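The values are calculated or read from the model by the stated rules, or taken from the named source; none is laboratory data. Remember, it's a predicted structure, so these values are computed and weren't measured experimentally. With ideal geometry, Cβ positions are generated from the backbone for all residues, glycine too; neighbour counts draw on all protein chains shown. Calculation scope for accessible area: heavy atoms of the full protein, side chains included, ligands and nucleic acids excluded. Shrake-Rupley method; radii C 1.70, N 1.55, O 1.52, S 1.80 Å.
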Amino acid sequence: MKKNNSKTAARRGMRCAAVWSKALCTTMLLGATTGNIFAQTPERPSNPDDSARHVKVVNLEKIVMLSSRADDKTPLTTTTLSRQKLDEAKIAVSVPYMLELEPSVVVSGENGATGETKISVRGVNSSRINVNINGITLNDPESQEVFWYNIPNLGGMAQSLQIQRGVGASTGGSPSFGAAMNLQTFNASSSPYANLDLSYGSWNTIQQGITAGTGLMKNNLSFDMAFNNTSSDGFIRGSGADQQSLFLSGGYYGERSILKAVFIMGHQKTGITWNGAYDFRLDADRLYNPAGEYIDDAGNTRYYDNETDYYNQRHYQLYYSYLASKYLTFNAAFDFTHGDGYYENYRYNKKVKQYGLTLLNGNSKDDFIHRKEVYNSTYTGNFWARYCNSGTTFDFGETFVLYSGDHFGNLIWSKDSVALDGDYLAVNRVSPYEWYRNQGVKTDNTFYAKMRKEFSQQWNLYAEAQLRSVDYSLYGTEADREDIDFHEQYLFFNPKVGVNFTPDSKNRLYFVAGVVSREPTRSDIKETYLEGDTIKAETMADFELGYRIEDESFTFGANLYAMLYQDQMTPSGNYSPSGYALMENVDKSYRLGIELVGGYRFTRWFSMDANLTLSTNRIIDYSCMITTDDWSAKQLVDFGNTNLSLSPSVIGAAIATFRPFKNTKLQVIGKYVGEQYADNSSREEMKVDPYFLLNVRCSHTFDFNNGNQLECQLAINNVLDHDYRLSAYASSTIDPATGAFTYDRTWFQQPGINLMGRIVYRF
């Protein structure tokens, strides 16, 4: 009797899996989920029904990502990294460095492996890259940035991550202007698992983590967790890091629905490093960092030991998917994100009037310690539906985002006594003095519709349209004690259309064209508003033509792109006091390029993979206002046709992989980034030299009789000990009489040879 029940349950599970596969149009999904996504969690189904149930669950989980993911029949330029690939790259610590070898990607850091790291794709900086997690945008609504160090180990809690270069699939939040990144957190595993993860490397960098899950249980519940702790002394002086993250998820998987809750917590306390340093300082001391520097009464140079960037972030997410019929699926998601933090600065010999105070001793300058703080909340609601039948797929979705953020500053110490309106004012950490406060309120309402029509097994047409309404207000008093009262409404229509041709299982050809627009960030609005100016929204038209061929031992792809801009917001070289890259509008500009990717397996034990991006990134007839040397006026300077800032024309990577023994892998990795410019003027003084890095990675996995594994990894970065610097701050003034420029530039010194070792135990 028990045996018959088992067969019946298995047949019922297989039928349910087949229904879900049809409803999802599974053939559309294969390109988005390549790789063994459960490589870390051995498949050990306890009975025949477990395998069938797990197939159903995996298909159910894919529904959540379908609205923002592309597959091998969607005409978008994509790369998808499986859970196994992400785990292999986790020795790089931060997500940007985990993605460093992907096509057109450039990564930079301020202080080595930890702390603030930035990523650009095709020269487009991170504030214009849409990042979403489980379909919910991760970009901060005001800065439009993703601060990767706020949630350390984000890559370690991912089931897969897809990079869409150029115009990406429509989602909520700001659209992509160079790339979109779609991260999916853990799927339900087929069986219980646990991983212990320990890394140690240069600058006393320590990473400890645990990942565990129950697998899909008999009651249709599944739970997963991941905890990570990272600490480091940092590469440069005062750049230490103390970071933690926690991921929890639990889901109920019914016959026709999923209900899943996710909690993500990130905490970070890092030293301030965004100022960079002058070249002559770095020539004398490669580890020099000016943050917190002051001169004591005896004339000695000192450093404040709590020059700190501190932030907490918490995400509460709830997802529901329901299969109404074998053709129609409904999905809903809600996210509440709360963040609070500050950065603390020692201000040496600064004017007291910046705080609206006076000094009792009658002096105008003193030493101060202040905190600039933020307290923000974001509410996101997401609903979408998919209809799939007879080779036609329709998606309809709506995302609503409400953001509220308080920005305020507290003075917590002064060297000498201060007064407010002539009366003594006690200032300390217990009773700080608030000298400014402003608030930003933003609503973002996005509607989108997508259609894909398969005319045959070879041809399909793809089209989508996004209508996005943004309302943003910024009011109160700024840090310089100037009032701001800004309100603007934006309405954007972002269409895309493309065609995909797959003549056989090995070849694919596609073309896509799209137009996207987006609003400026808080920092850009604030800076231009206080100067009596405005910054415009930007628009991009993108055209992509791609080809890919895949064989058992050979892969090659080529993608031509033309990204044409109106009023592009590109980095000016200047930074805000809190480290944001300030942008400026350029009237007409473009990015034209070709991306080449390829791989060849020569033998069972040796293979090569490489990618190369060749591009031209130009501004047509660039001119800008430059302040005169005496800071009394500004002068318009015409530079003609110039290069877009921070946009190298050559980006390449190559990986040689050797597998000399079973479970042993050795990789020799090269990364090249061509010359670029710190601002948009293309002046020789603003050039950033090209650099080449050679890295080595090796790993060996020990298999035990009980099915457990121990993997040992070692990464040696910058093997050639190449000495290179990346641009931090760049500005100039002009002598109105002679037209000669005076330059003010700081740099981020990059680390020489450095090591990281890692041990992972899986059971």
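Roll a 1.4 Å probe over the protein heavy atoms and report the accessible area of F511 in Å², nearest 10.
Ignoring ligands and nucleic acids, F511 comes out at about 80 Å².
Calculate the dipole size of the stretch 351-399 relative to its Cα centre from +1 charges on Lys and Arg beta carbons and -1 charges on Asp and Glu beta carbons; express the result in debye to the nearest 20.
Using only the charged Cβ atoms, the result is roughly 300 debye.
Please give me the summed charge of the neighbours of L198: other residues whose Cβ is under 15 Å from its Cβ, Lys and Arg +1, Asp and Glu -1.
Surrounding charge for L198 is 0.
Tell me the relative contact order for the chain as a rounded percent, counting alpha carbon contacts under 8 Å between residues six or more apart.
10 percent
Which of the three applies to the stretch 339-418, rounded, prolate or oblate, going by the alpha-carbon gyration tensor with a ≥ b ≥ c and a/c under 1.5 meaning rounded?
Cα axes put the stretch 339-418 in the prolate bin.
Per q in 0.05, 0.10 1/Å, what log10 I(q)/I(0) does a Debye calculation on the alpha-carbon atoms of the chain return?
Here log10 of I(q) over I(0) equals -0.26, -1.08.
Are any of the pairs K372/K588; K350/K536; K118/K453; K85/K269 more than 32 Å apart by Cα-Cα distance, and if so, which?
In this structure, K372/K588; K350/K536; K118/K453 exceed 32 Å between Cα atoms.
Which value, in Å², gives the accessible area per residue of the stretch 240-314 when a 1.4 Å probe is used on the protein heavy atoms?
44 Å²
Could you give the length gained by full extension between N705 and T534, i.e. 0.36 nm per residue of separation minus their alpha carbon distance, to one decimal place?
Contour length minus the Cα-Cα distance gives 54.8 nm.
How high is the FRET efficiency between D689 and V668 when r is their beta carbon distance and R₀ equals 22 Å, given to the nearest 0.05?
0.40
In Å, what is the Rg of the alpha-carbon atoms in the stretch 626-763, and how long is Dmax?
Radius of gyration, then largest Cα-Cα span, for the stretch 626-763: 23.4, 81 Å.
So, with a 1.4 angstrom probe, what is the percent of accessible area on the chain that is carbon and sulfur?
In the chain, the share of accessible area belonging to carbon and sulfur is 57 percent.
Working with all protein chains in place, sort W435, W203, W631 by solvent-accessible area computed with a 1.4 Å probe, largest first.
W631, W203, W435
Averaged per residue, what accessible surface does the stretch 573-680 expose to a 1.4 Å probe, in Å²?
47 Å²
Determine the sum of side-chain charges near R468: Lys and Arg each +1, Asp and Glu each -1, restricted to other residues whose C-beta is under 10 angstrom from that of R468.
-1
Using a 1.4 angstrom probe, figure out how much accessible area the stretch 378-523 has per residue, in square angstrom, rounded to the nearest whole.
That works out to 45 Å² per residue.
Extending each Cα 7 Å along its Cβ direction at R302 and T627, get the distance between those two points in nm, one decimal.
With each label point 7 Å from Cα toward Cβ, the separation is 3.0 nm.
For the stretch 584-646 and the stretch 343-373, write down the distance between their C-alpha centroids in whole Å.
Computed from Cα coordinates, the inter-centre distance equals 40 Å.
Hey, rough spin-label estimate for E482 and Q635, points 7 angstrom out along Cα→Cβ, what's it come to in nanometres?
Taking the two extended label points, one gets 2.3 nm.
Can you give the extra length, in nm with one decimal, that the chain gains between I210 and R314 once fully stretched, where that is 0.36 nm per residue apart less the Cα-Cα distance?
Stretched fully, the I210-R314 segment lengthens by 35.5 nm.
Would you give the gap between the C-alpha center of the stretch 706-763 and the C-alpha center of the stretch 252-300, rounded to a whole Å?
A separation of 14 Å, based on Cα centres.
Ordered by residue, what ³J(HN,Hα) values in Hz, to whole numbers, does the stretch 505-518 give under the Karplus form 6.51 cos²θ - 1.76 cosθ + 1.60, where θ = phi - 60° and Gly and Pro are x?
6, 9, 10, 8, 10, 8, 9, 9, 9, x, 10, 9, 9, 7
Which value in Å does the Kirkwood hydrodynamic radius of the stretch 204-354 take, with 1/r averaged over all unlike C-alpha pairs and then inverted?
19.6 Å is the Kirkwood radius here.
Can you give the calculated 222 nm mean residue ellipticity of the chain, where each DSSP H run of n ≥ 4 adds -39,500 (n - 2.57) and the sum is split over every residue, rounded to the nearest 500 deg cm²/dmol?
So the helix-based figure for the chain works out to -2500 deg cm²/dmol.
To test your reading of the geometry: what angle, between 0 and 90 degrees and rounded to tens, separates the Cα axis of helix 2-23 from the longest principal axis of the chain?
It works out to around 50 degrees.
At 7 Å along Cα-to-Cβ for each site, give me the label-to-label distance between D744 and R604 in nm.
Between D744 and R604, the simple spin-label model gives 6.4 nm.
Magnitude of the Cβ-charge dipole of the chain, K/R +1 and D/E -1, about the Cα centre, nearest 20 debye?
Roughly 4420 debye, rounded to the nearest 20.
Determine the sum of side-chain charges near D395: Lys and Arg each +1, Asp and Glu each -1, restricted to other residues whose C-beta is under 12 angstrom from that of D395.
Neighbour charge sum, excluding D395 itself: +2.
Under a point-charge model restricted to the Cβ atoms of Lys and Arg (+1) and Asp and Glu (-1), what is the dipole moment magnitude of the stretch 306-436 relative to its Cα centre, in debye to the nearest 20?
Here the size comes out at about 220 debye.
Give the lysines reachable from K218 as a straight Cα distance under 27 Å; neighbours fewer than 8 places away on the same chain don't count.
Hits, sequence-local ones excluded: K2, K3, K7, K22, K56, K62, K260, K326.
Along the charge dipole of the chain, pointing to its positive end and built from +1/-1 on Cβ of Lys, Arg, Asp and Glu, which listed residue (Q207, G299, I626) has its Cα farthest out?
After comparing all options, I get Q207.
In whole Å, largest first, what are the principal axis extents of the Cα atoms in the stretch 650-727?
That works out to 63, 20, 19 Å along the principal axes.
Ordered by packing density, taken as the mean number of other Cβ atoms within 10 Å over each peptide's residues, highest first, how do 717-729, 480-492 rank?
717-729, 480-492
Going by a ≥ b ≥ c, the root eigenvalues of the Cα gyration tensor, does the stretch 138-271 fall in the rounded group (a/c under 1.5), the prolate group (a/b larger than b/c) or the oblate group?
Cα axes put the stretch 138-271 in the oblate bin.
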